[in-house]
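The values are calculated or read from the model by the stated rules, or taken from the named source; none is laboratory data. Predicted, not measured: the structure shown is a model, and the values here were computed from it. Cβ placement follows ideal geometry from the backbone for every residue including glycine, while neighbour counts extend to all protein chains displayed.
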Amino acid sequence: MIKDVGEWDILFLMPRINRMGSGKSGDVLDEVGEVIRWGTTMRTRARELRSSMTEAEKVLWKELRGNKLCGLQFYRQAAIDRYIVDFFCPRKRIVVEVDGSVHDEEEAEEHDEIRDKFLVKQKDIKQIVRITNEEVMNDLPGVLEKIARACGKSM
């Protein structure tokens with residue numbers, strides 16, 4: 001039995017969806033109906049990803065942290081429902097993804113497309129900004145301007 005509890009997650013004020021009635025409060029269903037352990041697994045995975053960021057993610061995080069970009073607060077490796085996004089601005093509902101070469105593969109592109117559609121339709125994400133590692137390393141001011149524009153701000 002699936003029920004929508006409608007309560008708010010502590011992380012980023014995201015509404016919980018598809019909570020299982022089986023007594024396992026940390027379970028959610030993915031887009032094809034398979035059970036995912038959310039509670040511990042997602043938090044642990046997000047923590048692991050924060051400690052093993054790519055060089056490009058580290059460079060970008062240095063510019064986003066502490067409300068440096070237009071006074072907006074960003075979180076890194078943020079868990080939104082069943083997905084972990086690279087950076088998230090909850091006030092503007094903007095996700096920023098820093099993609100390496102693995103995202104050029106067909107399977108990864110399909111996964112990204114499914115994930116993006118879910119986040120936009122189910123989690124009210126206004127925009128997903130995709131940038132490459134190379135863009136961050138070679139044109140950081142351009143990347144920051146692109147993110148600022150997506151948030152409706154100018155630098």
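Where residues in segment 55-81 are surrounded by fewer than 19 Cβ atoms within 10 Å (Cβ to Cβ) and not in a helix (DSSP H, G or I), which of them is nearest to the chain's Cα centre (by Cα)? By that ranking, first place goes to Q73.
Taking the conditions (1) surrounded by 14 or more Cβ atoms within 10 Å (Cβ to Cβ); (2) without any contact (Cβ under 8 Å) to a residue 40 or more places away in the chain; (3) more than 21 Å from W61 (Cα to Cα); (4) not aromatic (F, W, Y) in turn, E107 satisfies each one other than (1).
Selection of segment 125-139 for residues being part of a loop (DSSP other than H, G, I, E, B) and either within 14 Å of V85 (Cβ to Cβ) or basic (K, R) (or both) yields I125, K126.
Does A46 satisfy the criteria of being hydrophobic (A, V, I, L, M, F, W, C), over 15 Å from the mean Cα position of the chain (by Cα), at pLDDT 55 or above and assigned to a helix (DSSP H, G or I)? When the stated conditions are applied, A46 does not pass them. Going by the conditions given, is K121 outside any strand (DSSP E or B) and surrounded by 17 or more Cβ atoms within 10 Å (Cβ to Cβ)? It is false that K121 is outside any strand (DSSP E or B) and surrounded by 17 or more Cβ atoms within 10 Å (Cβ to Cβ). Contact map, segment 51-78: residues that are within 17 Å of M155 (Cα to Cα) paired with residues that are loosely packed, with under 14 Cβ neighbours inside 10 Å, Cβ distance under 6 Å, separation 6+ or inter-chain. Pairs shown: Q73/N67. If the condition is being within 12 Å of E97 (Cβ to Cβ) and out of contact with any Asp or Glu (no Cβ under 6 Å at 6 or more places or on another chain), then segment 114-145 contributes R115, D116, L119, I125, Q127, V129, I131, N133, E135, V136.
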